[in-house]
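A short reminder: the numbers here are calculations on the coordinates, not readings from a lab. On a predicted model such as this, the values are computed, not experimentally measured, just so you know. Neighbour counts run over all protein chains shown; Cβ positions are idealised from the backbone, glycine included.
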Protein chains: 2
Amino acid sequence: MPARNRARAETPPAATHHRALPVHTDPADVPLETALLALADPVRRTLVRELAADEDWRRPCGSFDVPVTKATLSRHFSVLRDAGLLEQRDVGTKRLNRLRRAEFDACFPGLLDLVLRGEAGSAD
Amino acid sequence: MPARNRARAETPPAATHHRALPVHTDPADVPLETALLALADPVRRTLVRELAADEDWRRPCGSFDVPVTKATLSRHFSVLRDAGLLEQRDVGTKRLNRLRRAEFDACFPGLLDLVLRGEAGSAD
């Protein structure tokens with residue numbers, strides 16, 4: 001049964017991960033609306049700014065200074081992944097994060113800069 | 001009573017307008033979040049694109065090709081004014097519109113360009 005063997009070989013062993021692997025969306029597949037809505041939330045802008053201020057893959061999910069529950073934070077990470085802004089990978093027991101700055105900039109030039117420079121006129 | 005006379009002179013005569021004058025917000029006073037949310041709506045992006053494609057003050061409120069009721073359209077105009085994107089003035093029985101492109105660009109560089117060029121990756 002070569003067909004069944006091939007199918008089995010392509011499926012990664014499920015038991016090696018404690019939780020579902022994060023699903024990522026390429027910024028090139030992200031509608032403008034999704035990108036705008038992702039960045040319209042103050043908690044997500046804080047996450048983006050903290051990631052931009054640090055090295056790639058340095059920040060585990062629990063290291064961000066935002067006043068939300070773990071479940072809410074998890075939802076914010078999901079929205080950022082869906083907007084092509086965030087890449088995550090599990091290393092040991094930690095999930096590490098990277099801002100997809102260059103890829104996102106290529107698709108939405110100027111948008112991340114607006115967020116990272118702070119606010120235009122008045123307060124955030 | 002010079003004080004009372006002054007106050008009276010500064011108040012425009014209310015009876016000359018059939019409806020309330022539109023209230024405008026300067027783009028410099030608009031938080032980034034308000035600007036992002038205003039442009040995250042597909043109907044408002046259509047209004048912005050149609051305004052950008054025409055001359056200032058050429059478009060009356062009823063001239064836009066959007067599938068919404070008059071009341072909903074009025075709400076969209078209000079959101080655009082609050083985001084510093086739209087200026088309106090009444091001429092006769094018509095309310096005419098102008099995209100505040102230069103002022104908005106100065107406060108949120110690149111943001112309008114993203115909307116006007118269409119969508120980055122996939123569909124709108």
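Inter-copy label distances at A:A102, shortest first and taken from points set 7 Å along Cα to Cβ: 3.8 nm.
Across the identical copies, the 7 Å label point of B:H24, projected outward along Cα→Cβ, sits 4.6 nm from its counterparts, in ascending order.
Under the simplified labelling scheme, the A:S78-B:V66 pair shows an inter-label distance of 3.0 nm, with each label point 7 Å from Cα along Cα→Cβ.
Label-point distances for A:W57 to the equivalent site in the other copies, using a point 7 angstrom along Cα→C-beta, read 5.9 nm when ranked shortest first. Between A:D113 and A:A53, full extension at 0.36 nm per residue minus the direct alpha carbon distance yields a gain of 20.3 nm. Distances between placed amide hydrogens fall under 5 Å for A:R59 paired with A:N97, all partners being 5 or more residues away or on another chain. Panel order for B:K94, A:K70, by other beta carbons found within 10 Å of each beta carbon, from fewest to most: A:K70, B:K94. Chain A's nearest residue to the axis relating it to B, judged by Cβ and reported with the distance in whole Å, is A:G110, 1.
Amide H contacts for A:G84 (H built 1.01 Å from N in the peptide plane; partners 5 or more residues away or on another chain; cut-off under 5 Å): A:T25. Phi angles across segment B:97-114 convert, under the Karplus curve 6.51 cos²θ - 1.76 cosθ + 1.60 with θ = phi - 60°, into 3J(HN,Hα) values of 10, 9, 6, 8, 4, 5, 5, 5, 4, 5, 8, 10, x, x, 5, 5, 4, 4 Hz, Gly and Pro given as x. A Förster radius of 51 Å, combined with the Cβ-Cβ distance separating A:H24 from B:D90, puts the computed FRET efficiency at roughly 0.55. Evaluated with a Cβ-only charge set (Lys, Arg +1; Asp, Glu -1), segment B:26-118 carries a dipole of roughly 380 debye about its Cα centre, given to the nearest 20.
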